[in-house]
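I have placed the structure first, in the form of C-alpha cells, so that the comments after it can refer back to it.
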Amino acid sequence: MSGHRSVMLPEALAFLHPEPEGWWADLTVGGGGHTEALLQATAPGGRVLGLDRDAENLEKTRQRLLTYGERLHLIHANYSELAGPARELGISGFRGILMDLGVSSFQFDDADRGFSFQQDAPLDMRMDRSRGVTAAEIVNHTDEKQLADWFYTYGGERRSRQLAHAIVRQRPLSTTLQLAEVAKRAVGYSGKIHPATRAFQALRLVVNDELGSLEQGLAAAAALLEEGGRLVVISFHSLEDRIVKQFFRAGGWEILTRHVVRPTEAEVSENPRSRSARLRAALRRRQG
Ligand SMILES: C[S@@+](CC[C@H](N)C(=O)[O-])C[C@H]1O[C@@H](n2cnc3c(N)ncnc32)[C@H](O)[C@@H]1O
C-alpha cells in the first residue's frame, strides 16, 4: 500500500453520513482506502458494493479486504453499468454512493500501464485492459484535426494543432517516451509543466471515455439512491467537475456543497496528487 493515500477521506465520509445498516457503494474502489473507511464507518450492519473497471487492481484490493467477509462485494465493472451488479445482488437502493474519479496511483505508477511518461512503456492507458482501444491505436489512427480538438478540449493544450501535426508526421508511435519526445519538440516548455502532461491527460480521457462514463455513472447512481441518500463525487479535472455540478443543478437534489470543497493545505503538502481534487455532494430528494 506504500505511496497510496486516499484523497479527501474525512470530508468524503462526513458527506456520506454513514450509518450501521443498509447498502453503500464505492464505485471507484482502486486501492480500497475509501472502501475500507466506509466499511468501518458502517459497521456492524452496513454492506458495501465496490466497483472498479480495473480487474487487476481490484483483485489485489480484494485480497487486502478479505477480512470484511460478507459485508463487502467487489465487482469488476464500469460504474456506468451499476444497475447490473445491483440487480444481481437484489439491491433496491443505496444509502450513499461515492465516486473518486480518475486513475489511482497504482495505475499511474505501474510503468506497464502507459499512463506516465516518467518511464518507457507501451502506449496503452486503458484502465480496463480487457476491452477497448489503446492510446497507441488512437494516436496512430485518428485524423489530425480530431487529435488537435482532443488536445485542446481535454488537455487545454494551446498548441494543440502543432502537436497533432507533429504526431501525424512521426507516427507510428508505440511508447510513452516516443510520444513525450514528440510533445516536447512540438510544444516546448511553458512554465514548469512537462509539455507532454496535457497530451497524456487528453489521451487518457479519450481512451477511457471518462467523461461519457461519468455522465452515465451519475445517472446510474441517481437511479439507485434511496430518498435522502447521498452522492459524493471527487473529481480531478475541471471538465469532470463541471459535469458533476451541472448534474446536481439539473434537479432532484439538495446540494450539500454550495461551494466546491478542496483538500486542506495540510493534505496537499502531504500528498501533492490531491492538489487538483474537488469534492461535491448532494442528497437525493423525493422523486415525483
Ligand atoms: C482515484 S482512484 C480511486 C482510489 C480509491 N478511492 C482509494 O481510496 O484507493 C480511481 C479508480 O476508479 C477506477 N475507475 C475510473 N473510472 C471508472 C469507471 N468508469 N468505472 C469503474 N471504475 C472506474 C479506476 O480504475 C481507479 O482504480
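In the chain, the inverse of the mean reciprocal separation of distinct Cα atoms equals 19.7 Å; this is its Kirkwood hydrodynamic radius. Please check: in the Gaussian network model of the chain (C-alpha springs, under 10 Å), which one of Asn208, Asn78, Asn140 has the largest mean-square fluctuation. Comparing Asn208, Asn78, Asn140 in the GNM, the peak value goes to Asn140.
Among the trypsin sites (Lys or Arg not before Pro) found in the range 189-256, those both in a DSSP coil and sparsely packed, with 11 or fewer other Cβ atoms within 10 Å of their Cβ, are Lys192. The chymotrypsin sites (Phe, Trp or Tyr not before Pro) of the range 112-197 that DSSP puts in a loop, and whose beta carbon has at most 11 other beta carbons within 10 Å, are Tyr189. Amide H contacts of Val48 (H built 1.01 Å from N, in plane; Pro and chain starts excluded): Trp24, Leu72, His73 sit under 5 Å, all sequence-distant by 5 or more or on other chains. Per residue, the Cα convex hull of the range 128-210 amounts to 88 Å³. Among Ala111, Ala250, Ala121, the residue with the largest mean-square fluctuation in a Gaussian network model of the chain, with springs joining Cα atoms closer than 10 Å, is Ala250.
A helix-only calculation puts the chain at -12500 deg cm²/dmol for mean residue ellipticity at 222 nm, using -39500 (n - 2.57) for each DSSP H run of at least four residues, averaged over all residues.
Each reported figure results from applying straightforward, stated rules to the coordinates on display, with no laboratory input. Everything numeric here is computed off the predicted structure, so don't read it as measured data. Glycine also receives a Cβ, built like all others from the backbone with ideal geometry; neighbour counts cover every protein chain displayed.
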